[in-house]
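Here is the structure we will look at.
The values are calculated or read from the model by the stated rules, or taken from the named source; none is laboratory data. Quantities reported herein were computed from a predicted structural model and do not represent experimental measurements. Cβ atoms come from the backbone with ideal geometry, glycine included; neighbour counts cover every protein chain shown.
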C-alpha cells in the first residue's frame with residue numbers, strides 16, 4: 001500500500017481544490033500516470049502516482065479543499081480491491097429462483113415472447129439513457145451518485161460555468177424542479193445555466209467562484225487598497241508599424257514560422273522605455289525600493305477561468321521572432337490549462353491588450369507587487385492634424401500606464417509613456433535598442 005499526497009506546489013501555495021479525478025477507485029495506475037487534477041490559486045496542477053498498482057481508495061472528493069502533504073488516495077497491489085457487486089451463484093445461473101410461498105409459473109410461448117419484447121424495449125431505453133448520460137460532461141463522483149439515486153444526468157442542472165455536472169449538483173437535484181433545469185443543451189453543446197428563485201420571486205443564477213477567480217478578486221482589491229495607483233494616457237499613430245508589418249509579414253513567417261504581431265513591437269518598446277525609467281521596473285519591499293536589472297515582461301492572457309499573466313523571460317535578450325513564439329506558446333498553454341507556476345512567477349512589468357476585445361480606453365490595475373502596467377487598446381481610424389494645412393485619417397491607439405505613485409512620480413510616468421509612443425511611431429528605431 002502506498003499513499004498519494006498533495007506535493008509541494010510553491011512557497012505561497014499551501015492548499016488546493018480537487019478539480020477532477022482522472023482515475024476512479026479500482027482503476028489500474030502506473031508510475032508517472034496522472035491521477036487527479038488540483039486547482040490552486042494560480043494554475044491547475046495534475047498530480048501523478050509514484051507507484052504501480054490499483055487505486056484502492058479516494059480520500060477526497062471533487063470540490064474538497066486539501067492541504068500540501070495531505071493524503072488524498074491510496075494505491076494498493078494488483079487485485080487488492082474487492083468487487084463491490086457479489087458474484088453470481090453458478091448454480092442459479094440460467095434458471096429462476098423459486099420462492100416456497102410463490103412457486104414459479106411457467107409462461108406460455110406467446111406470453112414469454114411478449115415479456116421478452118418488453119425486456120428488449122426496456123433494455124434499449126436504458127441503453128439510450130446511458131448513452132445520453134455519457135455525452136454529459138460530469139465528474140466521476142457525480143456519475144456514481146446519479147446512478148445510486150437513479151437520476152438521469154441530462155436532467156441535472158450544472159452550476160459550473162463550463163456546464164460540467166458535479167456531485168453537489170446531483171445532491172441538490174430533486175425531481176420536478178423548474179423546467180428550465182431540464183432543458184437540453186443548446187447548439188453549441190453548452191448546458192443551459194441553472195436558475196434559482198430569489199426572495200422576490202425573480203430568477204437569478206448562482207455560480208460558485210473558482211479558487212482562481214477568488215484569488216484574482218482578492219489580489220485586485222488588495223492592490224487598490226495598498227498602492228497609490230494613478231493612470232496616465234497617450235495615443236499612438238500605428239501607421240508606421242502597420243506598414244512595416246505589411247511589408248515584412250510574409251518573409252517573417254517564412255523564416256521564423258510565426259506571425260509578426262503588434263505585441264512583439266510593444267514588448268521591445270516597453271523594455272527600451274524601462275531602461276530609461278528604471279523605477280517602473282521595481283517593487284517595494286518594506287521601506288526599500290528594489291530596482292530590477294532584468295526584464296521579465298508579463299503578458300495578460302484571458303483564459304476560460306480568469307485572467308492569467310504568463311511571463312516572457314529576459315525579453316531584452318530576445319528578438320521579435322522569439323518574443324512572438326513565446327507569446328504564442330504561453331497563450332496556448334493558458335487556453336489548454338497547461339501553465340506551470342514557473343510560467344507565472346517573477347514578472348517585473350505587465351502588458352495587457354484590451355484592444356483585442358474592442359476596448360477603446362481603460363485604466364488597467366497593477367499586477368502586484370509590480371508598480372506599473374501598460375494597457376493597449378483597439379486601433380481606430382481617427383482624423384489627425386498632420387500640420388496646419390492637412391488632416392488625415394490615421395489608425396490610432398490609445399495607450400494607458402497605471403503606476404504606483406508611491407515610488408513613480410508623474411514626470412517619470414509621462415516620460416515612459418511618451419517614449420513608448422515615439423518608439424512605436426518610429427518602429428525601425430527598435431532595431432537599435434539593445
### Task
Would you be able to say whether some residue in the range 21-37 is in contact with a helix residue (DSSP H, G or I) (Cβ under 7 Å, 6 or more places away or on another chain), at pLDDT 80 or above, loosely packed, with under 15 Cβ neighbours inside 10 Å and closer than 27 Å to residue 334 by Cα?
yes
### Query
Given the residues 404, 409, which is the only one that is surrounded by fewer than 19 Cβ atoms within 10 Å (Cβ to Cβ), farther than 21 Å from residue 320 by Cα and in the same structural domain as residue 233 (by TED's automatic domain parsing)?
409
### Message
Every residue in the range 289-341 that is in a helix (DSSP H, G or I), without any contact (Cβ under 8 Å) to a residue 60 or more places away in the chain and in contact with a helix residue (DSSP H, G or I) (Cβ under 6 Å, 6 or more places away or on another chain), please.
### Response
315
### Qualifying residue in the range 335-347 (condition: under 23 Å from residue 296 (Cβ atoms) and at pLDDT 95 or above)
no
### Criterion (surrounded by fewer than 18 Cβ atoms within 10 Å (Cβ to Cβ) and under 21 Å from residue 297 (Cα atoms)) met by exactly one of 384, 414
414
### Message
If I filter the range 39-46 for residues that are part of a strand (DSSP E or B), modelled with pLDDT of 80 or more and touching a strand residue (DSSP E or B) at 6+ places or on another chain (Cβ under 9 Å), do I get at least one hit?
### Response
no
### Flag if residue 356 is in the same structural domain as residue 216 (by TED's automatic domain parsing), surrounded by fewer than 21 Cβ atoms within 10 Å (Cβ to Cβ) and part of a strand (DSSP E or B)
no
### Query
Of all residues in the range 330-348 being farther than 17 Å from residue 271 by Cβ and over 15 Å from the mean Cα position of the chain (by Cα), which is surrounded by the most Cβ atoms within 10 Å (Cβ to Cβ)?
345
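Residues checked against (1) at pLDDT below 95; (2) outside the structural domain of residue 354 (by TED's automatic domain parsing); (3) surrounded by fewer than 15 Cβ atoms within 10 Å (Cβ to Cβ):
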{"position": "201", "(1), (2), (3)": "yes, yes, yes"}
{"position": "205", "(1), (2), (3)": "yes, yes, yes"}
{"position": "228", "(1), (2), (3)": "yes, no, yes"}
{"position": "234", "(1), (2), (3)": "no, no, no"}
{"position": "257", "(1), (2), (3)": "yes, no, yes"}
{"position": "262", "(1), (2), (3)": "yes, no, no"}
{"position": "286", "(1), (2), (3)": "yes, no, yes"}
{"position": "289", "(1), (2), (3)": "yes, no, yes"}
{"position": "309", "(1), (2), (3)": "yes, no, no"}
#### Entry: Which numbered condition residue 268 fails, given (1) under 27 Å from residue 242 (Cβ atoms); (2) part of a strand (DSSP E or B)
(2)
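Yes or no: residue 392 free of Cβ contacts under 8 Å to residues at least 12 places away in the same chain and surrounded by 12 or more Cβ atoms within 10 Å (Cβ to Cβ)? Quick ask: steps written out before the conclusion?
Numbers: free of Cβ contacts under 8 Å to residues at least 12 places away in the same chain: yes; surrounded by 12 or more Cβ atoms within 10 Å (Cβ to Cβ): yes.
Yes: the conditions hold for residue 392.
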### Query
Could we say that residue 241 is buried (at least 16 other Cβ atoms within 10 Å of the Cβ), more than 31 Å from the chain's Cα centre (by Cα) and in a strand (DSSP E or B) here?
no
### Task
Give me a count of the residues in the range 369-393 that are assigned to a strand (DSSP E or B) and closer than 22 Å to residue 273 by Cβ.
8
